[in-house]
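So the structure is just underneath, and the comments pick up after that.
Read-outs: derived from the displayed coordinates by stated rules, not from any lab. Because the structure is a prediction, the values reported are computed rather than measured. Every residue, glycine among them, receives a Cβ derived from its backbone with ideal geometry; neighbour counts consider all protein chains shown.
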Amino acid sequence: MTCHDVEPWLLATRSDTDLPVDFLQHLSRCEACSRLRERLAEIDDGVRALGDTDDRPALERLEAVLNEVEQPRDLQSRLLSRWAYRIVAGTACIALVMLGWGLGYQTSKSSPPKTEPAPAPNELNRGAGPDTQRPIAPPDSAAPAALIVRLAAPAGKLAQETTAVGRVSGLGTMADEVRTEALREASAGRTAELPRLAESHDRLVRYGLVAQTHGMPELDRARVVQSLLGDLARAEKEVAVAMDRCPPAVAELITPLGQSLRDAGDAIRTNRPPSPLEPATTDYPVYSLTALAIRASDANSPLRQADVSADMTAALARGTVLLSLGGLGEDAAKLGPVLDNLLLRGVADNLDRVTAADREGKHAVEVSEIRSRAAEAAGVLERNLAKAPPVARPGLEKAMEASKHGRERAAEGGKGKSGKGPPWKRADGTVKESPGKGGLPPGFQKK
Amino acid sequence: MDRVHQDEEQDWVRRAAAGDRAAFAALVARYWRPVRAWLYGLCGEFHTAEDLAQDVFFRAWMGLPKLASAEVFRVWLFRIARNEYLARQRSPRVGKLAELPPEIAGPRAEPLTGLLEKEGATALDEAVSRLPILFQEAYLLWTNADWPYSEIARVLETTEETARWRVCEARRRLVGELGPLLERTVR
């Protein structure tokens, strides 16, 4: 038994814990370990004593408040109805997915072989657990993660989604998150973000959802539209209720939410195409992510999906850094797995598929450019970590750890495989044969 | 917590969820100190910690009818506390109170032992506040609530291993930082 064996035990156990006999024997003859145990006990006792103060006034105030407040009694019935709704909605979703799968299976039998490979499978939901993983704290007391974190997973999923039904679901989730955030801000009287949130919501609903349902096969459309219209109507009611509760000046700022929902509902009902999307006019992170999600939902080939995944990686890497610097290390850390998934599945896997199918090398330049962009985006974390203040480091480090595999894979792709260079170069770096004029690669000619 | 206390607590939780104020008062009496001490450790201000603790128990009272199982009460309560703390941190209005200038801060003439104790407490307070927040919350929960790692992990939404590692790291850093001071006070 050495100090090296004993120290982890001392650090992990409380000072009054009974230690095994061999540990006690070591402590009795090792002054350093025995001193460490004493120091740890002193520190723990000191920390326990730090918060000691006269609590009576605060407790009396709390008691006075609690005596005046009644518990909301109708919550249990509301909770039951919410669960019933979830069960029905869940069953409907499963039925839709099964139908989509069945249709895909049927059409894949009859349609001619595609020249482009299938995009990478969606991996983002792999870890989603059952309801036991929901937060135990009630929704009204839960501090939500930053909006960009809540949007990251569905946005990443969209960059890998291949079905219109899945895209509708992803865009709907994002719109719900943005709208919930806007209503929460409005109810708290915070108005600064409302116009931009309303604009992001508008793009998701009026363009994203409408475009997806417009292009859908008729059979899918008939089934999806009905439930989607119900969701839009419910959301519109939520907005109306929130507007009633807000002061008129604030209500005016959330009016566009209801308008977008109404317009989208009309367009979907009549199967109108969406009006053209205006380009994003601001660098507001949520706005950029929303725009990228919409672009992702329009990407219909692995190459386009890889392209938008690389851009999304850049946006989320920037978001990770900003959250860390803003002291929201936990939120920043949550973006790590999304980045990892985007880099692995969205960029690397899709590019591998493109390369495998592209025997003539038509897309080689684009593939290489996307790989470089993804590697560059992933490098943002490392570069910022070097200069980050101590408070920002844990979040960044955690995000980097979580996205390690994806970043490595992106970096490998960006640099190319070792030992291989441009086709016109020898292994030792000398020029062998060039596709350009004068035996030199394009851009190297003397003028 | 032993079995008797556990059963007693679950009984309080069920009664409080049904609107029994006396049962909720018993829960407050049991958990006020650990919750307030934990929040104090995280935010470093007595009054803020008290305010937050009041909010936590208020929300717990309002949310109890929705609590699915009485067994998870304390994890649920500390999650509310954590959420309240994080929400406050996110608030743009949050900011540390300025220290009082020396002339208002109170008389300085104290016995030497009192000063030494005060110095130790301040150093400890500062050392804890310098810990990364992830280590801080795990270590303070471990110290103040006296819980097993499994429950700490549930509050912090992480694995038991990670919770243990964070506590160990926090303690390692504190010993490293406060070791010289502790040596001095012993001498």
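For the reader, a short list of remarks on this structure follows.
- 13 Å beta-carbon shell around A:K334, net charge (K/R +1, D/E -1): -3
- Label-reachable residues, region A:179-223, where backbone N falls under 15 Å from a point 7 Å from A:A249's Cα toward its Cβ: A:186-195
- Descending Cα extents along the principal axes, region B:3-90, whole Å: 34, 23, 20
- With R₀ fixed at 30 Å, the C-beta to C-beta distance from A:L219 to A:A357 puts the FRET efficiency at about 0.55.
- The mean sequence separation of alpha-carbon pairs under 8 Å and at least six residues apart, normalised by the residue count of region A:299-416, gives a relative contact order of 40 percent.
- Residues B:H5, A:H26, ranked from the fewest to the most other C-beta atoms within 10 Å, line up as B:H5, A:H26.
- Across peptide B:61-69, the mean count of Cβ atoms from other chains lying within 10 Å of each residue's own Cβ comes to 6.
- Among A:228-236, A:177-185, A:328-336, the order from most to least packed when residues are scored by Cβ within 10 Å on average: A:328-336, A:177-185, A:228-236
- Net charge of neighbours whose Cβ lies under 12 Å from the Cβ of B:A163, counting Lys and Arg as +1 and Asp and Glu as -1: -3
- Using the Cβ-Cβ distance between A:R61 and B:Q89 with R0 set to 22 Å, the FRET efficiency works out to roughly 0.40.
- Across A:K157/A:K334; A:K237/B:K66; A:K362/A:K398; A:K398/B:K66, pairs whose alpha-carbon gap is larger than 27 Å: A:K362/A:K398; A:K398/B:K66
- For the listed peptides A:59-66, B:43-50, B:133-140, A:305-312, a ranking on the average number of other beta carbons within 10 Å per residue, highest first, reads A:305-312, B:133-140, B:43-50, A:59-66.
- For region A:164-281, the convex hull drawn through the C-alpha positions has a volume of 88 cubic angstrom per residue.
- As a proxy for reagent exposure, A:S187, A:S260 were ordered by neighbouring Cβ count within 10 angstrom, fewest first; the result is A:S187, A:S260.
- Three principal axis extents describe the C-alpha atoms of region A:299-416; from largest down they are 50, 25, 17 Å.
- Taking every residue in A:284-290 and counting other chain Cβ atoms within 10 Å of its Cβ, the average works out to 0.
- Residues of region A:293-309 falling in the label zone of A:E366, defined by backbone nitrogen less than 17 Å from a point 7 Å along Cα to beta-carbon, are A:295-309.
- Mean Cα-pair separation over length for region B:3-90, i.e. relative contact order, pairs under 8 Å, 6 or more apart, %: 31 percent
- Of the two radii for region A:1-41, the radius of gyration is 0.89 times the Kirkwood radius, both from the alpha carbons; that is the Rg over Rh value.
- Modelled FRET efficiency - R0 41 Å, B:S69 with A:N300, Cβ distances, 0.05 increments: 0.30
- Label-point gap, in nm, between A:R269 and A:D52 - each point 7 angstrom along Cα→Cβ: 6.9 nm
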